[in-house]
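Sharing a structure below in structure tokens format, with a few things to ask.
Each reported figure results from applying straightforward, stated rules to the coordinates on display, with no laboratory input. Computed from a predicted model, the values in this text were never measured in an experiment. Don't worry about glycine lacking a Cβ; one is built from the backbone with ideal geometry, like all the others, and counts go over all protein chains shown.
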Amino acid sequence: MFGLPPVAVTVGLLLLSNVFMTFAWYAHLKTLNHKPWIIAALVSWGIALFEYLLQVPANRIGYSVLSVGQLKILQEVITLSVFVPFALFYLKEPLRLDYLWAGLCLLGAVYFVFRHQA
């Protein structure tokens, strides 16, 4: 796809899908907190559709060169990479050292899942 390696396409699609999913899961806390929960759920569900339209092909493409475990760890790293800026800039959450520790734990997970691939 687009002449790029499958891993690059997978990372790009997962990155975009995570932007949609982060908004689906958390944006309603800021923008729809005055509405009934069912409205927030339906809006989130609509946003999540776009996430799935990117995530499903990403995993199918990625599975051609990565294991399921590698795909999952990759997804978690991307999730945290999208969530932290979202929490800081959109939700105005304070920067916490816990984000760094979580990132270091994920780096350990990346090491263990990808170490035999050479």
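From the list P36, P85, P94, which residue is surrounded by fewer than 16 Cβ atoms within 10 Å (Cβ to Cβ) and under 15 Å from the mean Cα position of the chain (by Cα)? Reasoning before the result, please.
Working: P36 fails: under 15 Å from the mean Cα position of the chain (by Cα); P94 fails: under 15 Å from the mean Cα position of the chain (by Cα).
Being surrounded by fewer than 16 Cβ atoms within 10 Å (Cβ to Cβ) and under 15 Å from the mean Cα position of the chain (by Cα) holds for just one of P36, P85, P94, which is P85.
Quick one: in region 1-20, of everything that is free of Cβ contacts under 8 Å to residues at least 60 places away in the same chain and among the aliphatic types (A, V, I, L, M), which residue is surrounded by the most Cβ atoms within 10 Å (Cβ to Cβ)?
L13
Next up: What are the residues in region 51-68 that are surrounded by 15 or more Cβ atoms within 10 Å (Cβ to Cβ) and free of Cβ contacts under 8 Å to residues at least 24 places away in the same chain, if any?
Let us first name the residues in region 51-68 that are surrounded by 15 or more Cβ atoms within 10 Å (Cβ to Cβ), namely 51, 54-55, 57-59, 61-62, 66.
Hits for region 51-68: nothing passes.
Looking at region 82-118 only, could you name the residues that are closer than 21 Å to H28 by Cβ and assigned to a loop (DSSP other than H, G, I, E, B)?
Within region 82-118, the first condition is being closer than 21 Å to H28 by Cβ, and the residues that meet it are 82-94.
Selection gives L91, K92, E93, P94.
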